Amino acid sequence: MATLRALECFVAVVEFGSVTEAAARLHMSQPALSHQIVALERELGTPVVERLPRGVRPTVTGRAVVADARAAVAAAERVVATGRVVASGAGGQLRIGCAESMTAGLLAPVLRGWHRRRPDVHLALTEVTSADALAELVSSGQADIGIGPRPSRWDGPVSLVGREEVVVASTAAAAGGAATGPMTFAEVAEQPVVGYHPDNGLGGWLDEVAAQHGVTLAAVTRTRQASTAAQLAAAGLGVALVPTTALPSSFPGAVRPLEPPLTRAVVVLLANPSDPLAQRFDADVRRRGVPVPAAIAAQLSEARGL
């Protein structure tokens, strides 16, 4: 197969009509350029340029293939240019997977900053409801980066964003308009509970933790999303165990911490840690950390008596 360098030399010879000029433009010696032309002719089985007393001109074959040769050289130049743009973080596509409970609180500000600073980078977002589904998304090549709880099955590159707390959400009226102190799992189990659909990995994890405390959480209703569970609890359907990342600053209900506190790691999974776009996004997510809305943090501090 003809090499890109041979095609580049051929195009330059045709454009300048001179081996000497073409070699000078390509910063090559004349013998080296002539060697590339000979190699191309050997590959095609016929001459592509005709040597004249003064300069050269393309043969019939040369005229027939020069347009495709130019297109090949131009395509290679675009490959290099695009690669450099992506490497600089100014272009390309980044496919992001995220736990749905973390999209609004943790990820949205990072996405907003990228749209503002890197408008030519296309960001594709896929939300999932379990850590293992997130790991599958990245390991299968459907996402370049994943953000969520630490999965049970993942042996690829991972970086720690921080830890998020799981708290008890309820209607404000049930707490007398304010948080009244931490709750144990046993106390939670005595209340009507807004639980999670089996598709949501958070529900299975909470059931395991509850079992470790010797109780079972009996759900009066179930939802696939933590943010919805919090809103249902605020509406008075029961209490819900919700990660703080799923709570908006304007949450209309009350929140109380668990005793002992329940937290889980938030991590970034990387399909290719050497990818420049993924590296930059990972750094921005870790810089953002695991935020807790000020109003939620104030309620939790009050409940702890701080």
Residue identified as within 25 Å of Ala297 (Cβ to Cβ) and under 35 Å from the mean Cα position of the chain (by Cα) among Ala240, Ala211, Ala172: Ala240
Qualifying positions in the stretch 249-306 - in a helix (DSSP H, G or I), over 12 Å from the mean Cα position of the chain (by Cα) and hydrophobic (A, V, I, L, M, F, W, C): Ala294, Ala295, Ile296, Ala297, Ala298, Leu300, Ala303
From the options Arg57, Arg95, residue that is under 30 Å from Ala143 (Cα atoms) and touching a strand residue (DSSP E or B) at 6+ places or on another chain (Cβ under 6 Å): Arg95
Check on Arg54, assigned to a helix (DSSP H, G or I), open to solvent by 30 Å² or more (accessible area, probe 1.4 Å) and on the phi < 0 side of the Ramachandran plot: no
Qualifying residue in the stretch 151-166 (condition: more than 26 Å from Leu241 (Cα to Cα), free of Cβ contacts under 8 Å to residues at least 60 places away in the same chain and of a type in the set (S, T, N, Q)): no
Qualifying residue in the stretch 142-157 (condition: open to solvent by 40 Å² or more (accessible area, probe 1.4 Å), in contact with a strand residue (DSSP E or B) (Cβ under 8 Å, 6 or more places away or on another chain), at pLDDT below 95 and not in a loop (DSSP other than H, G, I, E, B)): no
Odd one out for Leu4 among (1) within 30 Å of Leu277 (Cβ to Cβ); (2) open to solvent by 40 Å² or more (accessible area, probe 1.4 Å); (3) without any contact (Cβ under 8 Å) to a residue 40 or more places away in the chain; (4) of a type in the set (A, V, I, L, M): (3)
Of all residues making up the stretch 247-281, the number that are under 20 Å from Ser159 (Cβ atoms) and either in contact with a Ser or Thr (Cβ under 6 Å, 6 or more places away or on another chain) or of a type in the set (Phe, Trp, Tyr) (or both): 2
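Yes/no matrix, rows are residues, columns are (1) among the aliphatic types (A, V, I, L, M); (2) without any contact (Cβ under 8 Å) to a residue 60 or more places away in the chain:
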residue	(1), (2)
Asp207	no, yes
His213	no, yes
Ala219	yes, yes
Gln225	no, no
Phe251	no, no
Ala254	yes, no
Leu258	yes, no
Pairs, first more than 20 Å from Glu8 (Cα to Cα) and of a type in the set (A, V, I, L, M) in the stretch 75-103, second modelled with pLDDT under 80 and surrounded by 13 or more Cβ atoms within 10 Å (Cβ to Cβ), C-beta under 6 Å, six or more apart: Val85/Gly91
Count of residues meeting criterion [at pLDDT 90 or above, open to solvent by 40 Å² or more (accessible area, probe 1.4 Å) and of a type in the set (A, V, I, L, M, F, W, C)] in the stretch 193-219: 2
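The values are calculated or read from the model by the stated rules, or taken from the named source; none is laboratory data. Since this is a predicted model, take the numbers as computed values, not measurements. When we count neighbours, we look across all protein chains shown, and the Cβ atoms used for this are built from the backbone with ideal geometry, even at glycine. Accessible surface is based on the protein model in full, side chains and every heavy atom, while ligands, DNA and RNA are left aside. Shrake-Rupley method; radii C 1.70, N 1.55, O 1.52, S 1.80 Å.
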